[in-house]
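Colleague: Mind looking over this structure? Questions follow.
The values are calculated or read from the model by the stated rules, or taken from the named source; none is laboratory data. Note that the coordinates shown come from a computational prediction; the quantities given were computed from them, not determined experimentally. Glycine gets a Cβ as well: all are built from the backbone with ideal geometry, and neighbour counts include every protein chain shown.
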Amino acid sequence: MVIAGEWYAGVSILMDAACLTAAGRLCGLAAKPGRVLLGACAGTAAAMTVLACWGSRAGVYGALPIAALMALLTFGRRRCPKGMTALMLEGLLTGGMACYLNRWGLRITAAALCCLPAGAFATRLLLREISRAGLRADVRLLLAEGGVTLDGLVDSGNLLRDPVTALPVVVASGKALLPHLPPGTDCLDPGTLPPGFRLILVRTAAGSRLMMCFRPRGLYIRRGRVWQAAEAVVAISAELEGRRALLPEVLINN
């Protein structure tokens, strides 16, 4: 069987772009369309090279390095492992597993039927993540010591207001902010309160507590592809894990 290279390349780029977009949705990684197209073209070029040099069976062994290359170019070095894992899982749960089973000797119809439940599950998971996309937004904070980007979750229960400025309060992870705070700052010790910071009283289901808060040099929220400036005060939480932040709903509505 002879396959036209142009046809194979076109279909492969479209499928790779779709897989990268789905993988980004599944694991909450935003990527610019240009980066997605770059990753798809690189994956297609690598796959065609493997196919031309070593044949179709070599694709089984080349899938992992090709996925790593695509994730690196699409999501960047820091987010590459998470993106590659999601890309491999998304590919295996859909047509990729059927292709592997077929190359291992199973008829294509039987292989497709074996992967049908996994494909339905992956589609359902993707649709659920798309429906939840409105509940999150990336947050960029500009601080005295550089800047940091956090994964923001829109929290309808966050009704905090700074009593001094009357601005809404974004609750951010202390671990993510620690490298950018003045030396010696401990968000659990009010005695280490840096100059320009103050304490704010926060009431939660677990009780009331004091949190350090400050006003950043800049705060930007990304919805889709657009970064928008916002006015808010940032409170430092020791309970939030990872690079996370809780956004008040009023910032998104505005």
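Colleague: May I ask you to list the residues in the stretch 234-250 that are closer than 15 Å to residue 147 by Cα and touching an Asp or Glu at 6+ places or on another chain (Cβ under 9 Å)?
Modeller: 243, 244, 245, listed by residue number.
Colleague: Follow-up question, since we're still on this one. Within the stretch 137-150, track down each residue that is assigned to a loop (DSSP other than H, G, I, E, B) and in contact (Cβ under 8 Å) with a residue 40 or more places away in the chain.
Modeller: Selection gives 144 alone.
Colleague: Still on this model: Would the stretch 211-232 turn up any residue that is under 16 Å from residue 146 (Cβ atoms) and among the basic types (Lys, Arg)?
Modeller: Checking the stretch 211-232: at least one residue is under 16 Å from residue 146 (Cβ atoms) and among the basic types (Lys, Arg).
Colleague: Let me ask something else about it. What are the pairs, 6+ residues apart or on separate chains, where a residue within the stretch 151-169 that is closer than 17 Å to residue 203 by Cβ has its Cβ under 6 Å from a residue that is surrounded by fewer than 12 Cβ atoms within 10 Å (Cβ to Cβ)?
Modeller: From the stretch 151-169, no pairs qualify.
Colleague: On to the next question. Kindly state which strands (runs of 3 or more DSSP E) lie completely within the stretch 154-254 and contain at least 1 residues that are surrounded by fewer than 20 Cβ atoms within 10 Å (Cβ to Cβ) and out of contact with any helix residue (DSSP H, G or I) (no Cβ under 8 Å at 6 or more places or on another chain).
Modeller: The qualifying strands (runs of 3 or more DSSP E) are 198-204, 207-214, 218-223, 226-229.
Colleague: Hey, residue 145 hits all of (1) closer than 28 Å to residue 24 by Cα; (2) acidic (Asp, Glu); (3) at pLDDT below 85 but one; which does it fall short on?
Modeller: Every listed condition holds for residue 145 apart from (1).
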